[in-house]
Each structure stands twice: as C-alpha cells, then as structure tokens.
1. Using a cut-off of 13 Å between beta-carbons, work out the net charge of the residues near residue 51 (Lys and Arg +1, Asp and Glu -1, residue 51 not included).
2. Counting only other residues whose beta carbon sits under 13 Å from that of residue 182, what net charge do I get with K and R as +1, D and E as -1?
3. Within 11 Å, Cβ to Cβ, of residue 71, how many net charges do the neighbouring residues add up to if Lys/Arg are +1 and Asp/Glu are -1?
4. Taking the structure as given and computing Cα Rg over 2.2 N^0.38 Å, which label from [x] 1.25; [y] 1.29; [z] 1.11 fits?
5. Roughly how many nanometres apart are two label points built 7 Å out from the Cα toward the Cβ at residue 231 and residue 136?
Amino acid sequence: MRERRRPSRGMYVLPSLFTAGNIAAGYYAITQSIQGSAAQPASFDRAAMAIGFAILFDSVDGMVARLTNTASDFGRELDSLADVITFGVAPSLLAYLWGFRMLPLHELPILRDKITHLGVFVCFLFLICGASRLARFNISVNPQPRNPGRPGKKYFVGMPIPAGAGVIASVVHFENGAPVSDPRWSAVWLCLVLFTGFLMVSTWRFWSGKEISLGQRRPFQLVAVIVAIGALVTLYSEQVLIVVALGYLVSGVVARLAYSWGQKRRQSGAIH
C-alpha cells in the first residue's frame with residue numbers, strides 16, 4: 001500500500017495562523033479591558049466578545065491540524081502559551097476590572113475595599129488554576145475523571161480553560177459591558193470566579209464533544225444544528241452565550257453530584 005503523502009511545509013503554518021488569531025484576540029481583550037470604565041462599558045463588552053472569538057479560533061486550530069495531518073510539537077506548545085494569555089490573563093483582568101475595580105467609592109466604602117482587595121486575589125487564583133489546568137492536560141496520558149461516565153465516551157478531566165474564560169466573558173457580555181456597581185453583587189461575582197477556577201483544577205468530568213465528527217453517518221443533521229446555533233448566537237448572543245456557558249459549568253457539577261448519589265445508593269444496597 002502506498003504511504004500517506006506528508007503535507008508540505010507550508011501547510012504546517014495553517015493551524016498556527018488560527019493560534020495567532022487566538023493570541024491577537026486575547027491581546028485585544030486585554031487592551032479593551034484596560035480602556036473600559038463605567039462611562040465606557042462598550043470596551044468591556046468588546047473584550048468579552050474578543051474572548052468569545054478566541055474560543056472559536058482555539059477550537060478551529062486543532063480541527064485544522066487533525067484534518068490536514070499537520071499536528072506538531074511546536075503547534076501544541078504555541079497553543080498552550082496562547083491559551084494562558086487569552087483564556088488566563090485576559091479573562092482574569094476583565095473579571096477584576098469589570099467586577100471589582102469599577103465599584104463606586106461612596107457606596108459601602110468598607111465593604112468595597114474588602115471586596116476589591118479580595119477580588120485581586122481571587123482573579124489571580126483564576127489565572128493560576130487555568131495555567132495549572134493546561135499543565136496537567138499537557139503531561140497527562142489518557143486522563144480519567146474520578147466520576148467516570150459512560151464507557152467509551154471521552155471526557156475532559158476538569159473544566160477546560162476556554163470554558164472557564166467563556167463563563168467570565170458571557171456574564172460580561174450579558175450585561176453589555178456595564179460594570180458591577182453594587183459591592184453585594186461583587187461578592188456574588190467573586191464566588192462565581194472562584195468556583196470556576198476550582199472546577200478547572202478539579203478532577204470532575206466534563207463533556208468533551210470529541211465524538212462529534214463531520215465524517216459521521218448523518219453529517220447534514222450536524223451541519224443543520226451548527227447553523228441553527230450560529231443563527232441564535234447572532235440574533236440573541238447575550239442570552240444564548242450565557243445559557244451555554246453556565247449550562248456547561250452546571251453540567252459538570254450535576255455529573256459529580258449524580259455520581260456521588262449513585263455511589264452512595266450502591267454502597268447502601270450492598271450493606272443491606
């Protein structure tokens with residue numbers, strides 16, 4: 001049998017172009033976050049949308065590398081570095097500036113100071129958790145979650161860092177970039193950012209979607225679903241994206257609780 005023809009050297013650049021787009025989106029999100037304020041909430045919204053586009057670039061570069069057989073060690077390392085910038089640094093900075101830094105000085109000043117200082121620490125934890133999640137993913141060989149799901153179905157161990165960044169970006173986009181103005185809501189935001197960071201370094205299972213392929217028996221149905229989702233995102237991006245992001249977060253929590261509950265039932269049944 002004839003050996004599979006190796007792609008040309010120029011083809012190896014193609015996945016890296018999408019990775020470069022990922023980095024560019026992350027850099028743009030950082031600059032827009034810095035420019036954002038209560039008077040210019042659109043900058044925060046643009047930062048959130050840039051992170052959303054980066055998630056799209058991140059999913060495409062791996063797909064292109066597999067389809068063109070151009071996966072390489074250089075591409076994997078570049079992708080990891082890009083993810084630290086775009087899904088670690090950019091969302092942690094956005095979470096701090098949008099949720100804590102813009103609090104009014106005159107409203108509950110003591111609570112504001114405490115929440116703001118704690119917000120710096122929590123947003124840094126989000127960054128560290130995301131970087132640790134990437135490092136664990138890079139060194140793991142066939143990782144298995146502590147709450148295994150259906151046999152033969154692939155899962156992520158812990159929430160992927162793009163999904164964690166998507167939670168931050170979707171909430172900011174849902175508010176159209178208007179920053180938090182009440183310290184009590186900042187406390188809620190602090191808990192969400194902290195819990196998202198915990199999910200990234202957890203060993204809970206999250207659906208990977210790797211079983212979905214355009215080469216399956218009925219690709220037209222998949223294309224129709226993708227087109228429908230794209231149309232909904234275009235028309236109702238604020239509502240659809242936050243439902244998808246928070247729904248994915250909740251799915252990992254529900255899977256963990258369901259496994260723990262089922263395990264307790266099995267243990268109690270074995271005792272009886």
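Each value in this text was obtained by applying a stated rule to the coordinates, not by laboratory testing. Everything quoted here is computed from the prediction, not taken from an experiment. In this analysis, Cβ positions are derived from the backbone assuming ideal geometry, glycine residues included, and neighbour counts consider all displayed protein chains.
1. Neighbour charge sum, excluding residue 51 itself: -2.
2. Net of charged neighbours comes to 0.
3. Neighbourhood net charge equals -1.
4. For Cα Rg over 2.2 N^0.38 Å, the calculated option is [z].
5. Going by the 7 Å Cα→Cβ label model, 4.0 nm.
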